[in-house]
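Here is the structure we will look at.
Values quoted throughout were computed directly from the atomic coordinates according to the rules given, and no laboratory measurement underlies them. These numbers were taken from a predicted model, which means no experiment stands behind them. Cβ coordinates were reconstructed from backbone atoms using ideal geometry, including for glycine residues, and neighbour counts include every protein chain displayed.
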Amino acid sequence: MAIDNETIRHVAHLARIDLQAKELERLHVQLHEILGFIDKISNLNIEDVLPASHILPISNVLREDIPHTSLTPERALENAPSKKGNFFSVPKIIE
Amino acid sequence: MTAHELLVRLKSGSVASEAVQEALYARIEKVDSKINAYVRRADFRKNDAVNKKQGLLFSLPVTVKDNICTEGLNTECCSKILAGFCPPYEATVISKLKKAGAEIFPLKANMDEFAFGSSTENSCFGPTHNPWNLGCVPGGSSGGSAAAVAADEAIWALGSDTGGSIRQPASFCGVVGLKPTYGRVSRFGLIAFASSLDQIGPITKDVEDAAILTQAISGYDPNDSTSVDQDVPDYLKSLTKDIKGLRVGIPKEYFVEGMDSEVKSVIEQAVNKLKTLGASVKEVSLPHTEYAVPVYYIIATAEASSNLARFDGVQYGYRAKSDNLIEMYKRTRAEGFGDEAKRRIILGTFALSHGYYDAYYLRALKVRTLIKQDFDRVFAEFDCIAAPTSPTPAFKLGERASEPLKMYLSDIYTISVNLAGIPAISIPCGFTKDKLPVGLQIMAGSFNEEMLFRVAHTFEQNTEWHKIKSSL
């Protein structure tokens, strides 16, 4: 499947990554090559095959509903680039 | 010296734990400026007081890859976006090792950023060099762990393996590397790359050490819902030095074009050795092998794109300056991630995006089923599979750095194992004319690590390859 610059720009936006013009150009060439190779799987007849959503025969793993201690707010905020009180701080989102 | 040899000496008191640490520091001081197996060496202040611990592992230090959380020790995945990250909790494997009496070595091992790579060239701390030839890569992504063990800068180490990241560097550096069955070892505290493929495992100087270390880190963990509640056998009991009558399959799809002719002949000799040791060897077929790399680069990048969404400059690590939230995310990720990380996130986001999901992601999951079924069929008739770990020996630094597809193809023999969830080990089995190590890979059915230890140990004890050291 071919991939154009517009699609790459859109996907990069979805992934929240700013791309320089040069990066976009290089990615276009590389993704084109990688997708060309990946397209190999489109020849297989897999109509009746079930997807391997999980490789082990386990499902719906739930933990016991028992309260337990977790990280304190101070510990959880230790690595924050910016914080205010007990909160992570980010640029203003409402004008 | 191997860990099990040191353990005997530590227990008898003929060697002190402080002396082990000192010897490692001295070795690192001497060779690591050439190898670069460890990161953040400059900021490091060594802690003289070794906590004397009894327990099984007698304060023996374990080297840990930079993507496994160690409380109080920076864990940055060799990425600028996690610069300065010091985990407020530790991975389950780390707690288990401490409980067994091990010491966590305070320097962390180099790796490809977020484990994205097969050469350790994608590290924000610069590449690791192969101890056998400083102009070559050590493999990756656990290249720092493998090079440190090979260069005697570590007693033993932990790596992580998503598509070959333990086995391929072990092969390139002439050491032992094991990827356990998916679910055998807890992933809690392993910074996730592809959650359905990642496993933590040992990189060691011989098979007995691999058995000891696997034993120490295995087992169910309520903090990892994909870990399996199944007893861990005594792996040392598998070191029987006997493989008479075992049925070993050789997958014909692994001996095709693209394979280095020297690697091929070394592997053929190793297979002959298995025969002389009494194994019954037969060719088998894993017909969907050629689809493994494409399937992997859809599933692994899709999972990575989702897992790495958390690195947005809010909770930890690097943040770019901006007054606008979306701009802040975009610039943080543009400046914080390296080229390969961006490439994989964008490829994975594409595979999951509207209009492409069915053609790529869903299709890949279906082919994954077929790959798993290939192995199920073989293991119904065979005890294990023997194959090369990598189609080539260690390649030159820079050789594949600008060609991602070529780099991806270096994982061609290791990737299927992760997709099928089965365990596999790589052990030294010979050298090329240029004195570069070659690894033999042995694979077994799910939760049959015992078979790997049995076959690998028998091969090792009847050959001398693991005793040959680089002339560093």
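Taking the criterion of being small (Gly, Ala, Ser) and closer than 28 Å to A:PRO57 by Cα, the residues of segment B:230-250 that qualify are B:SER238, B:GLY249. Within segment A:67-88, the set of residues being in a loop (DSSP other than H, G, I, E, B), under 26 Å from the mean Cα position of the chain (by Cα) and more than 9 Å from chain B (Cβ to nearest Cβ) comprises just one member, A:SER70. Could you run through segment B:306-324 and say how many residues are more than 9 Å from every other protein chain (Cβ to nearest Cβ), under 25 Å from the mean Cα position of the chain (by Cα) and surrounded by fewer than 24 Cβ atoms within 10 Å (Cβ to Cβ)? Of the residues in segment B:306-324, 3 are more than 9 Å from every other protein chain (Cβ to nearest Cβ), under 25 Å from the mean Cα position of the chain (by Cα) and surrounded by fewer than 24 Cβ atoms within 10 Å (Cβ to Cβ). Has segment B:396-405 got at least one residue that is in contact with a Gly (Cβ under 8 Å, 6 or more places away or on another chain), touching a residue at least 12 places away in the same chain (Cβ under 8 Å), buried (at least 19 other Cβ atoms within 10 Å of the Cβ) and farther than 20 Å from B:VAL256 by Cβ? The answer is yes, given that some residue of segment B:396-405 is in contact with a Gly (Cβ under 8 Å, 6 or more places away or on another chain), touching a residue at least 12 places away in the same chain (Cβ under 8 Å), buried (at least 19 other Cβ atoms within 10 Å of the Cβ) and farther than 20 Å from B:VAL256 by Cβ.
Within segment B:357-371, the only residue that satisfies the criterion of being at the interface with another protein chain (Cβ under 7 Å from one of its Cβ atoms), among the aliphatic types (A, V, I, L, M) and more than 22 Å from A:ALA2 (Cα to Cα) is B:LEU370. Quick one: count up the residues across segment B:449-471 that are surrounded by fewer than 17 Cβ atoms within 10 Å (Cβ to Cβ) and either within 16 Å of B:ARG247 (Cα to Cα) or among the hydrophobic types (A, V, I, L, M, F, W, C) (or both). Number satisfying all stated conditions: 1.
Within segment B:213-260, how many residues are assigned to a loop (DSSP other than H, G, I, E, B) and not hydrophobic (A, V, I, L, M, F, W, C)? Give the derivation first.
The initial filter retains those residues of segment B:213-260 that are assigned to a loop (DSSP other than H, G, I, E, B), namely B:219-234, B:239-246, B:255-260.
Next cut, not hydrophobic (A, V, I, L, M, F, W, C) only: B:219-227, B:229-231, B:233-234, B:240-242, B:244-245, B:257-258, B:260.
Qualifying residue count, segment B:213-260: 22.
Which of the residues belonging to segment B:408-438 are over 18 Å from B:SER160 (Cα atoms) and within 14 Å of chain A (Cβ to nearest Cβ)? Result: B:LEU409, single match. Count of segment B:339-377 residues, restricted to those that are buried (at least 20 other Cβ atoms within 10 Å of the Cβ), under 18 Å from A:GLU23 (Cα atoms) and in contact (Cβ under 8 Å) with a residue 60 or more places away in the chain, is 3.
Per-residue answers, yes or no, for (1) surrounded by 24 or more Cβ atoms within 10 Å (Cβ to Cβ); (2) of a type outside the set (A, V, I, L, M, F, W, C); (3) within 26 Å of B:PRO391 (Cα to Cα); (4) free of Cβ contacts under 8 Å to residues at least 12 places away in the same chain:
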site	(1), (2), (3), (4)
B:PHE116	yes, no, yes, no
B:CYS124	no, no, no, no
B:GLY135	no, yes, yes, no
B:SER142	yes, yes, yes, no
B:SER165	yes, yes, yes, no
B:SER171	yes, yes, yes, no
B:SER196	no, yes, yes, no
B:GLN199	yes, yes, yes, no
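Residues of segment B:296-307 include none that is of a type outside the set (S, T, N, Q), in contact with a Pro (Cβ under 7 Å, 6 or more places away or on another chain) and touching a residue at least 12 places away in the same chain (Cβ under 8 Å). I'm trying to understand the selection: among the residues of segment B:308-322, which are among the small types (Gly, Ala, Ser) and touching a residue at least 12 places away in the same chain (Cβ under 8 Å)? Within segment B:308-322, B:GLY313, B:GLY317, B:ALA320 meet the criteria.
Give the number of residues within segment B:12-40 that are part of a helix (DSSP H, G or I) and of a type in the set (Ser, Thr, Tyr). Break it down into steps so the answer makes sense when it comes.
Going residue by residue through segment B:12-40, those that are part of a helix (DSSP H, G or I) are B:12, B:17-35.
Next, from what is left, pick out any that are of a type in the set (Ser, Thr, Tyr): B:12, B:17, B:25, B:33.
So the answer is 4.
Looking for something closer than 21 Å to B:PHE447 by Cα, surrounded by fewer than 15 Cβ atoms within 10 Å (Cβ to Cβ) and either under 20 Å from the mean Cα position of the chain (by Cα) or of a type outside the set (Asp, Glu) (or both) - is there at least one such residue anywhere in segment B:205-214? No, segment B:205-214 contains no residue that is closer than 21 Å to B:PHE447 by Cα, surrounded by fewer than 15 Cβ atoms within 10 Å (Cβ to Cβ) and either under 20 Å from the mean Cα position of the chain (by Cα) or of a type outside the set (Asp, Glu) (or both).
So which residues in segment A:14-34 are at the interface with chain B (Cβ under 8 Å from one of its Cβ atoms), assigned to a helix (DSSP H, G or I) and not β-branched (Val, Ile, Thr), if there are any at all? Of everything in segment A:14-34, those that are at the interface with chain B (Cβ under 8 Å from one of its Cβ atoms), assigned to a helix (DSSP H, G or I) and not β-branched (Val, Ile, Thr) turn out to be A:LEU14, A:GLU23, A:LEU27, A:GLN30, A:LEU31, A:GLU33.
The condition of being at the interface with chain A (Cβ under 9 Å from one of its Cβ atoms), closer than 30 Å to A:GLU33 by Cβ and acidic (Asp, Glu) holds for only one of B:GLU303, B:GLU290, B:GLU327, B:GLU340, that being B:GLU290.
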